[in-house]
Structure formats: structure tokens, C-alpha cells
Amino acid sequence: MISRTPLKVLTAAILATTALGAQAAEYDWTFQTSETAGEPQFDMKKQWAQNVETMSDGRIHIEILPTGAVVPPNQTLQAVKAGILQGHLTDPSYFSGENPAFGMIGNLVGAWSDPYNFLDYMNNGGGEEIYNELAEPYGVHLIGAAATGLESLPSTRPIKTVEDLKGLKLRTPEGMVSNVFKRAGATPVNLPGSEVYTSLQKGVIDAADYTVFATNQSQGLHEFAKYPNYPGFHSLPMVAVSLNKDIWDGLPDDLKAILTTSVDAMAYQMVGQLKTRDLKAVREARQDPDIHIINMSDEERAKFRAIAQKEWKDWSDKNDVTKEFYKSVVSYLQDHNLLKAEDESGADDAASAEKTSSDQS
């Protein structure tokens, strides 16, 4: 005789299963990134979403979408505020048009020679608090900051000194990065990342401020840009991992803690994994006699930073947030012997002299 489950017991089991399913979908979010689906950072961000789901026992589910999947990359800020997206993992420099502080915090050109210093500043030096002063009025809360690491600079001609930048047709994003290279004598060209390969191939540009060495290598940029700078001396973009502020404010404390912890873990894993990929790609590139990797000297890096500092100072006067960030980050760099006080004074004097000369002319 077949044993049958009583109807009441079966009903209770179905209801329990439904309750578990509802719990698993308690928070169901969509985040857009600034990478294409084929880039390693995209896979790392997908792994972060999976880790969050595991750590929260399924209470949080996050779908990670590539750049442009819902809105263009420079519109995710508005999309998160409006609830079209619940969050994003992106470079804040895309939002310089909304507020110049996004560009300044997103990529303080020439400031960071090590991504771990940047992460320490954001986590422990006040950077994340300043960013949230900026972002929260736009309806977005920064869960935490990550970074890709120092970008390489693929070039069709050698760049061993700051002088070598003069006349260089260089792909850069708009804003601070473009301005700094223009001060150094380069000719910035604003192009989307999707056009870097063909622009180098056709000679539209001589070099590109683009991304890390391993990605440049895997995308074939060194086929045309045979003089890459590594380690880079210029850009270290921030990755802002952010959530709609109303959603963040409504979360229980345990889930807030899980999200914060998970982002911190991803940030350090991303730096480590990309560094490993870079070192492997550098070893492979050195086997190619046509590729010549250039490591700019400390003296020339200092010259570039001095030029960049003039731009930092100019941007600090744009609004209250840029001023607060400038003072905060310069103080951190000086306290950690990453920027000597006399260098900062010298940069101020140089900027003042430049302005005086301009006024007189």
C-alpha cells in the first residue's frame, strides 16, 4: 500500500518552500558596470555579487550587467537615483558633467603610485566619507571604493620623459585627466574605449590612457602601440560600488555590514588579481622583440606629479567638496611621505607664477 502525505502536511511544506523563495528574493537588484562582458573586471564583479548572495544566505540577489546594457555609462548616476538601476560599479569620472568633484575623486591624476595607498586613504583617511557627501544628494550611497590598479600607457612612440609627451596625440577621457596631459604638452583626444584599438591602428592617436597592461595586451593594442609604459605613472581610477540611497537607508544593519565587508574584500582581490595578470602579461610581452616596455624614472614621475598638482589646485577651487577633498588627500599624501610638504608648496608657487605670467600677457 502506497503511503500518502496528508494534505495539511503537504500544504505546510509548500508554504514553507514559498517562504524560503520569498526570502531569497527579499532584495533583488540590478547593477551596471563600466566594463564589457569580456573584461576580467566584469567577471570579478559578478563574483562579488555571488559572494553577497552567499554571505546573506540568499536574502540579496544582484544581477551584474555590462556597460551600456541599460543606460550609457555616464548616465548610471541618474539611473540609480531614479530606481531604473539599483546600483552601479563604475568610475565616478563619468559624472564630471554633474559635478567636477566626481572627476577629481574618481581619478586624481598623478597622485597614486600604489593602489593599496589609494584604498587605505578611501577606507581610513576620510575618502569614502567625502565621496558620500558628494554622492548622497544625488540619491546614491557609496558602499565602498575599489580600484583597478595603475593603468599602463600603450604608445606608438617611446615616452621616457615628460618632454616626450609634447605633441603626443593621446586618447583621454574628458576632465582632469585630459587637462593634466594638456598641461604636460600632449594633445588630448576624447574617444570612447571601444575606439582605442582602431584609432591606434589607423594612427588617429599615438597613445591611449585606457586601462591596465594585461587588458591592453589581451586586446592586441601592443600590436600597434609597441612602447607601453609599465608601471603607469598617471591614472589609477576609482571603482565606486554604490547603491540607491533610499534602499541603503532601509536595509537592516546586518546586511549593510555584509555589503561593506564584501566590497572591501573585492577591492583587495581585484588589485591582487589584476596585478598578477599584469605581471604575467609583462613576461609574455618581453618575449616579443618588437615590444619595448618603458618604466619612467622616479625623477620624471616627480615632474609629472608636479604638473598634475597644478591641476589639483585649480580643481580645488571649483566647489566646497573639491576643496575638502584636495586638503584631505594632500594631507594624507604628506603624512605618508608620498608627497613632501615642500613639493606641494612648490606646486602652489608654480601655479601662482603661471597665473601671474598669464595675467601679464
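Centroid-to-centroid, using Cα positions, the stretch 181-243 and the stretch 106-166 are 15 Å apart.
Cross-link partners for Lys202 among the aspartates and glutamates, with Cα-Cα distance under 17 Å and sequence neighbours closer than 8 places in the same chain left out: Glu223. In the stretch 115-235, taking the dipole from charged Cβ atoms about the Cα centre, the farthest positive-side position among His234, Ala147, Gln219 is held by Gln219. Using the Cβ of Asn74 as centre and a radius below 13 Å, the other residues enclosed give a net charge of -3, where K and R count +1 and D and E count -1. The per residue volume of the convex hull around the alpha-carbon atoms of the stretch 104-158 is 101 Å³. Just the protein heavy atoms count here, and of the accessible area of the stretch 216-309 at 1.4 Å, carbon and sulfur take up 49 percent.
Per DSSP H run of n ≥ 4, the term is -39500 (n - 2.57); total these for the chain, divide by its residue number, and report the mean residue ellipticity at 222 nm rounded to 500 deg cm²/dmol.
Values: 14 runs with 182 residues, N = 361.
Dividing the helical sum by the residues of the chain leaves -16000 deg cm²/dmol.
What the Cα convex hull of the stretch 215-334 gives, in volume per residue, is 173 Å³.
Taking Cα centre as origin and charging only the Cβ of basic (Lys, Arg, +1) and acidic (Asp, Glu, -1) residues, the dipole magnitude of the stretch 146-189 rounds to 160 debye.
Please report, largest first and rounded to whole Å, the three semi-axes of the ellipsoid equivalent to the stretch 125-262, where each semi-axis is the square root of five times an eigenvalue of the C-alpha gyration tensor. All intermediate terms of the calculation are to be shown ahead of the outcome.
Details: eigenvalues 258, 49, 35 Å².
Three semi-axes, in Å: 36, 16, 13.
Size descriptors for the stretch 68-176 (Cα atoms only): Rg and Dmax, in that order, 15.9, 47 Å.
Coordinate range of the alpha-carbon atoms in the chain per principal axis, descending: 97, 49, 34 Å. Using only side-chain charges placed at the Cβ, +1 for Lys and Arg and -1 for Asp and Glu, the dipole size of the chain relative to its Cα centre rounds to 940 debye. Taking all protein chains into account, the per residue accessible area for the chain stands at 46 Å² (1.4 Å probe). Think of the chain as having a plus end and a minus end, set by charges on the Cβ of Lys, Arg, Asp and Glu; of Val196, Pro73, Leu108, Val196 sits farthest toward the positive end of this dipole. Helices that extend 18 Å or more along their long axis by alpha-carbon positions and average at least -1.0 on the Kyte-Doolittle scale are, among the DSSP H runs of the chain, 7-24, 253-285, 320-335. Candidates Tyr131, Asn179, Ile84 compared by Cα position along the dipole of the chain: farthest toward the positive end lies Ile84, with charges placed on Cβ. Counting only residues at least eight positions apart within a chain, or on another chain, the lysines with an alpha carbon under 26 Å from that of Lys303 are Lys160, Lys166, Lys169, Lys182, Lys226, Lys275, Lys313, Lys318, Lys323, Lys327, Lys340, Lys355. Round to a whole number: what % of the accessible area of the stretch 35-189 belongs to carbon and sulfur, probe 1.4 Å? Within the stretch 35-189, the accessible surface is 47 percent carbon and sulfur. Considering only beta bridges that DSSP places wholly inside the chain, some 45 percent are antiparallel.
The values are calculated or read from the model by the stated rules, or taken from the named source; none is laboratory data. Predicted model, so just to flag it, every value in this text is computed and none were measured. All Cβ positions, even for glycine, are placed from backbone atoms using ideal geometry, and neighbour counts span all protein chains on display. Side chains included, ligands, DNA and RNA excluded: accessible areas come from the protein's heavy atoms. Shrake-Rupley method; radii C 1.70, N 1.55, O 1.52, S 1.80 Å.
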